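Remarks on the structure that follows.
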Amino acid sequence: MRSIEIAHLNLRYAHTRIHSAKAVLNLACSIDRFGQICPVLVVPGAAPEHVLIDGYLRVEALRRCGQDMVNAEIWPDKETEALIHVLANCQMRAWDMFEQACLLNELHERCQLTQTQIARFLGKDKSWVSRRLSFLNTLPEDIVTAVGSGHISSWSAPGVLTPWARANAEHARKLADSLKKEPLSTRNLALFFDHYKKANRRARENMVTRPRLFLKALESGQLKKRAKALKAGPEGCWLKEITTVERILTRLIGQVPAVFYTGQSNLLNAFAKVQEAMTRLERTIRDHERKETDDFDAAPVRVQNPSYQSVVEGLAQYGASGSSEPRSAG
């Protein structure tokens, strides 16, 4: 291990790392307190240069601390072998898939190794290498830049922005530009994309230019709904649901002439189950009323004209056999 001037480092593979200002700051605080503990890995270049293979975060942190020297381990073999060594010993650090894919691409493009050779050197299947190279090569250039700068997560890029770019490249570009100014978490970006798919053209234009504003408005609306539900209490929720049931039953009455004909026993069986459930609900309400009467000596309030009664009357005329002709009144 030896000390090397940071100014003499060739940062050839800087584009293969994701920049994180927070990670740099945390490491800088550690270095300022304890010094550099782990050396970076370099290979000799054209004197006095050394090519930095691993340790880009440490170099950034050292610069932030105002230091101009870095402790380095000099790799004795070729640059290709050093890259393979770094990737093969991935248990020593948690590689992001984007960073991993970028280094694999360097081995494939710069070092002219085939996917089969890379897989053999790393002890992986060829499909493992192929998937990661495909992950990188399917991303638009501006999205690759946004991922590398830390504005978009490596999950969001292939999972959200790549299909987005295929469907509407202009909107994907605008969103990428917006995320550079105001990054979103992976969860919020997925939520944003879900709402984008349901929005009309005008709404989409506004969404991609100011995604954080849209999410704030969405959160505000959800808070209002929760506040309204809290204010209404369980009674309000029950009333809302029973009103929904009434609307559904009313809609079903209008559909009876179109869907009921001879042999529709499955529909009548389904209706019988609903009728039974409504009867149980009425019985439960009446039992509770009697209990309330016994407890508080108050006159019971009876359920008048249960909401399913009109459906019962409407269906009864079609008969249990499912005949398409109404029963005669006699």
Tell me the Rg and the Dmax, in Å, that the Cα atoms of the stretch 61-137 produce. 14.4, 44
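Would you mind calculating the gained length between residue 191 and residue 213 on full extension (0.36 nm times residue separation, minus the Cα-Cα distance), in nm to one decimal? Intermediate values should be presented prior to the final figure.
Working: separation 22, 0.36 × 22 = 7.92 nm, distance 1.34 nm.
Length gained between residue 191 and residue 213: 6.6 nm.
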Just grab the label-to-label distance for residue 223 and residue 120, each label 7 Å out from Cα along the Cβ direction, in nm (one decimal). 6.1
Determine, at each q value in 0.17 (inverse angstroms), the log₁₀ of I(q)/I(0) that the Debye formula gives when each Cα of the stretch 192-251 is one equal point scatterer. -0.76
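If you rank 278, 1 by fewest surrounding Cβ atoms within 10 Å, what's the result? Let's see the in-between values first.
Working: 278 18, 1 9.
Placing the least packed residue first, the sequence is 1, 278.
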Where both partners of a DSSP beta bridge lie in the chain, what percent of those bridges are antiparallel, to the nearest 5? 60
If the cut-off is a Cα-Cα distance under 22 Å, which lysines reach residue 198, setting aside same-chain residues fewer than 8 apart in sequence? 174, 216, 224, 225
If you average 1/r over all unlike Cα pairs in the stretch 2-151 and invert the result, what Kirkwood radius do you get in angstrom? 16.2
Write down the Kirkwood hydrodynamic radius of the stretch 135-229, to one decimal in angstroms, obtained as one divided by the mean of 1/r over all alpha carbon pairs. 13.7
For the stretch 262-274, take each phi angle, set θ = phi - 60°, evaluate the Karplus expression 6.51 cos²θ - 1.76 cosθ + 1.60, and give the result in whole Hz per residue in order, putting x for glycine and proline. 4, x, 8, 5, 5, 5, 5, 5, 5, 5, 4, 5, 5
Excluding residues fewer than 8 positions from residue 273 in its own chain, the lysines with Cα under 29 Å of it are 240, 291
Please report the relative contact order for the stretch 2-151, taking Cα pairs under 8 Å with a sequence separation of at least 6, and give it as a percent rounded to a whole number. 27
Using the Cα atoms of the stretch 165-294, I'd like the radius of gyration and the largest Cα-Cα distance, Dmax, both in angstrom. 23.9, 69
Relative to a virtual label point 7 Å from the Cα of residue 85 in the Cα→beta-carbon direction, which members of the stretch 1-27 show backbone nitrogen distances below 14 Å? 1-2
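Tell me the mean residue ellipticity at 222 nm calculated for the chain from its helices only (DSSP H runs of n ≥ 4, each -39500 (n - 2.57), averaged over every residue, nearest 500).
Working: 14 runs with 204 residues, N = 330.
Per the formula, -20000 deg cm²/dmol.
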Residue by residue through the stretch 121-128, what is 3J(HN,Hα) from phi via Karplus (6.51 cos²θ - 1.76 cosθ + 1.60, θ = phi - 60°)? Round to whole Hz and write x for glycine and proline. 5, 8, x, 10, 6, 4, 5, 4
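Do you know the relative contact order of the chain, to the nearest whole percent, from alpha carbon pairs under 8 angstrom that are 6+ apart?
Details: 314 pairs, mean separation 36.8, N = 330.
Over the chain, the number comes to 11 percent.
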Out of 121, 192, 271, any idea which swings most in a Gaussian network model of the chain, alpha carbons joined below 10 Å? 271
For q values of 0.11, 0.13, 0.16 Å⁻¹, compute log₁₀ I(q)/I(0) with the Debye formula on a Cα-only model of the chain, without solvent. -0.87, -1.05, -1.29
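Bear in mind that the values in this text are calculations on the coordinates, not laboratory data. Source: prediction; values computed, not measured. As a convention, Cβ positions derive from the backbone with ideal geometry for all residues, glycine included, and neighbour counts pool all protein chains shown.
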